[in-house]
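Let me begin by handing over the structure; questions about it come next.
Bear in mind these aren't lab numbers, they're just calculated from the coordinates by the rules spelled out. Here the structure is a predicted model, which is why all the values come from computation and not from measurement. For neighbour counting, all protein chains shown are included, and Cβ atoms are generated from backbone atoms with ideal geometry for every residue, glycine included.
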């Protein structure tokens, strides 16, 4: 597992070096088609679509690049990403959304206790690693490693992504880390931890 993680991180670092630094001002002008789903400031209203405000630049760059290459597939996002005029525009779009302030989410208090336990300590009985190990104690993520900020994210979106990793519909995680973790999660685990994460404020 450690070897796989080292290889994955090395690969991500090399990928990131291809892109120049983004300009948020230029990025704002390039987001006209993004705002319909993600909001003008990156705070989507529909819980099916992720909030991008405050997300790490490197993570956004990776996801847009993966959508363009086919490494990640989504009926809505794949054509949107491929419609971006140039790879050179991607860092600017990422810089704009990263510069925005995320609006906080709200957790379902009935699920928070179990969600907190999973997020902070995992579930050793079934091999579920603590979310905080990669995403940070407050869910702030690790931008250089391309581990996304997940605090305040829509719980519905989080559950959908966990299910996609578990089913194999999404496979662009480094070293299959999320695929392996989600494979051991029940629907109840996913719903509980997603609610807890949604209520987290970094």
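Using Cα-Cα distances under 8 Å and only pairs 6 or more residues apart, what relative contact order does the range 109-198 have, in percent? All intermediate terms of the calculation are to be shown ahead of the outcome.
Numbers: 124 pairs, mean separation 34.8, N = 90.
The normalised contact order for the range 109-198 reaches 39 percent.
Okay, next question. Given an 8 Å cut-off on Cα distances and at least 6 residues of separation, report the relative contact order of the chain as a percent.
This gives 26 percent for the chain.
Continuing with this model, one more query. Just the Kirkwood number for the range 11-98, please: inverse of mean 1/r across all distinct Cα pairs, in Å, one decimal. All intermediate terms of the calculation are to be shown ahead of the outcome.
On the way: mean 1/r = 0.0774 Å⁻¹.
Kirkwood hydrodynamic radius for the range 11-98: 12.9 Å.
What do you get when you divide the Cα radius of gyration of the range 109-198 by 2.2 N^0.38 Å, with N the number of residues?
Numbers: Rg = 11.8 Å, N = 90, 2.2 N^0.38 = 12.2 Å.
The range 109-198 yields a ratio of 0.97.
As an exercise, use a Förster radius of 22 Å and the Cβ-Cβ distance of residue 45 and residue 169 to find the FRET efficiency, rounded to the nearest 0.05.
Calculated transfer efficiency: 0.35.
Now a separate question. Could you tell me how many degrees, from 0 to 90 and to the nearest 10, lie between the Cα long axis of helix 57-69 and the main elongation axis, the longest principal axis, of the Cα atoms of the chain?
80
Of 166, 176, 110, which has the largest mean-square fluctuation in a 10 Å C-alpha GNM of the chain?
Largest GNM mean-square fluctuation: 110.
Gaussian network model of the chain, Cα springs within a sub-10 Å range: biggest mean-square fluctuation belongs to which of 59, 157, 96?
157
What spacing in nm lies between the two simple spin-label points modelled at residue 73 and residue 184, each 7 Å away from Cα in the Cβ direction?
Each label point lies 7 Å from its Cα, and together they span 2.9 nm.
Which one is right for this structure if volume of the Cα convex hull per residue in Å³ is calculated from it: (i) 107; (ii) 136; (iii) 190?
(i)
Continuing with the same structure: Helix 187-198 versus the longest principal axis of the chain: what is the Cα-based angle in degrees, 0 to 90, to the nearest 10?
Taking the Cα atoms of the chain, the angle to 187-198 is about 60 degrees.
Ignoring everything except DSSP H segments at least 4 long, calculate the 222 nm mean residue ellipticity for the chain; use -39,500 (n - 2.57) per segment, divide by total residues, nearest 500.
-14000 deg cm²/dmol
Give me the angle, in degrees from 0 to 90, between the Cα long axis of helix 2-16 and the longest principal axis of the Cα atoms of the chain, rounded to the nearest 10.
20
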